[in-house]
1. Within the set of pairs 6 or more residues apart or between chains, which connect a residue that is of a type in the set (D, E, K, R) inside segment A:14-43 to a residue that is surrounded by 14 or more Cβ atoms within 10 Å (Cβ to Cβ) with Cβ atoms less than 8 Å apart?
2. Determine which member of the set A:Leu21, A:Leu43, A:Leu83 is closer than 21 Å to B:Phe89 by Cα, in contact with a strand residue (DSSP E or B) (Cβ under 6 Å, 6 or more places away or on another chain) and among the aliphatic types (A, V, I, L, M).
3. Among A:Gly66, A:Gly62, A:Gly97, A:Gly16, which is the only one that is surrounded by 20 or more Cβ atoms within 10 Å (Cβ to Cβ) and modelled with pLDDT of 95 or more?
4. Residues of segment A:69-94 being among the hydroxyl-bearing types (Ser, Thr, Tyr) and surrounded by 14 or more Cβ atoms within 10 Å (Cβ to Cβ), which ones?
5. Return the pair list, or none, for Cβ contacts closer than 7 Å from residues in segment A:76-96 that are under 11 Å from A:Trp34 (Cβ atoms) to residues that are among the hydroxyl-bearing types (Ser, Thr, Tyr) and open to solvent by less than 10 Å² (accessible area, probe 1.4 Å), at least 6 apart or on different chains.
6. Got a sec? Which strands (runs of 3 or more DSSP E) wholly within segment B:1-69 have at least 2 residues that are open to solvent by less than 40 Å² (accessible area, probe 1.4 Å) and away from every other protein chain (no Cβ under 14 Å)?
7. Applying the selection to segment B:86-98, what residues are more than 13 Å from B:Arg51 (Cα to Cα) and at the interface with chain A (Cβ under 7 Å from one of its Cβ atoms)?
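The values are calculated or read from the model by the stated rules, or taken from the named source; none is laboratory data. Just so we're clear, the structure is a prediction, and the values are computed from it rather than from any experiment. Here the Cβ positions follow ideal geometry from the backbone for every residue, glycine too, while neighbour counts run over all protein chains shown. Only protein heavy atoms, including side chains, enter the accessible area calculation; ligands, DNA and RNA are left aside. Shrake-Rupley method; radii C 1.70, N 1.55, O 1.52, S 1.80 Å.
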Amino acid sequence: KAGVTQTPRYLIKTRGQQVTLSCSPISGHRSVSWYQQTPGQGLQFLFEYFSETQRNKGNFPGRFSGRQFSNSRSEMNVSTLELGDSALYLCASSLAGGSNSPLHFGNGTRLTVT
Amino acid sequence: QQQVKQSPQSLIVQKGGISIINCAYENTAFDYFPWYQQFPGKGPALLIAIRPDVSEKKEGRFTISFNKSAKQFSLHIMDSQPGDSATYFCAASNFNKFYFGSGTKLNVKP
């Protein structure tokens, strides 16, 4: 069974631009969550989608948005990029979300904002 | 406010020794406590997990000890090996929201 796939692996953008990251969950998984990982802040929860609906949201500004498609694939968008948005963005999928469904992470997209 | 506090930040252990990483939480509504292992360039991978109705869970060389009254849980790695050198994250979950500790970088010396 293929794992969680994130594309692209690396991105370099300049301040003010926008970026879209993509995540393909494990087949059969309906919940997709996004996390930002930085050395200083660790793993920070961005949002979670289930059946194309945002079910939970972390404490990030509105510049961070996402969506989920009918095939459970998800995209995350960051608009008006800031230097502080440089991070590893991780996508995790689970069967249905919740405590009975462990998270399975992809290898992330490394975003560098210059 | 950090929901899950993890210590130590880094840990050096000799091969064959025991590695111990501790986590504490405040929210008594958490009902699932996983540990993740992350190697450089990779995403975190689920290592072992426990629910609050169990005080200990063992899988191979990895053991979680859980103290519900103290709101603490810990990961013990027995017979630590150089291949265990990685960053370890504890987490706590309530329904579909996970809160992660800040991570412990483990270095197992050969």
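1. A:Arg15/A:Leu81; A:Arg15/A:Val113; A:Arg30/A:Phe50; A:Arg30/A:Ser72; A:Arg30/A:Leu95; A:Arg30/A:Gly97
2. Values: A:Leu21 fails: closer than 21 Å to B:Phe89 by Cα; A:Leu83 fails: closer than 21 Å to B:Phe89 by Cα.
Of A:Leu21, A:Leu43, A:Leu83, the one residue that is closer than 21 Å to B:Phe89 by Cα, in contact with a strand residue (DSSP E or B) (Cβ under 6 Å, 6 or more places away or on another chain) and among the aliphatic types (A, V, I, L, M) is A:Leu43.
3. Values: A:Gly62 fails: surrounded by 20 or more Cβ atoms within 10 Å (Cβ to Cβ); A:Gly97 fails: modelled with pLDDT of 95 or more; A:Gly16 fails: surrounded by 20 or more Cβ atoms within 10 Å (Cβ to Cβ).
Testing whether each residue is surrounded by 20 or more Cβ atoms within 10 Å (Cβ to Cβ) and modelled with pLDDT of 95 or more leaves just A:Gly66.
4. Step one: of segment A:69-94, the residues among the hydroxyl-bearing types (Ser, Thr, Tyr) are A:70, A:72, A:74, A:79-80, A:86, A:89, A:93-94.
Residues satisfying the conditions are A:Ser72, A:Ser74, A:Ser79, A:Ser86, A:Tyr89, A:Ser93, A:Ser94.
5. A:Met76/A:Tyr89; A:Tyr89/A:Thr109; A:Leu90/A:Tyr35; A:Cys91/A:Ser74; A:Ala92/A:Ser33; A:Ala92/A:Tyr35; A:Ser93/A:Ser31
6. On the way: elements: B:4-7, B:10-14, B:19-25, B:33-38, B:45-50, B:56-59, B:62-67.
Of the strands (runs of 3 or more DSSP E) lying wholly inside segment B:1-69, those with at least 2 residues that are open to solvent by less than 40 Å² (accessible area, probe 1.4 Å) and away from every other protein chain (no Cβ under 14 Å) span B:10-14, B:19-25, B:62-67.
7. Across segment B:86-98, the qualifying residues are B:Phe89, B:Asn96, B:Lys97, B:Phe98.
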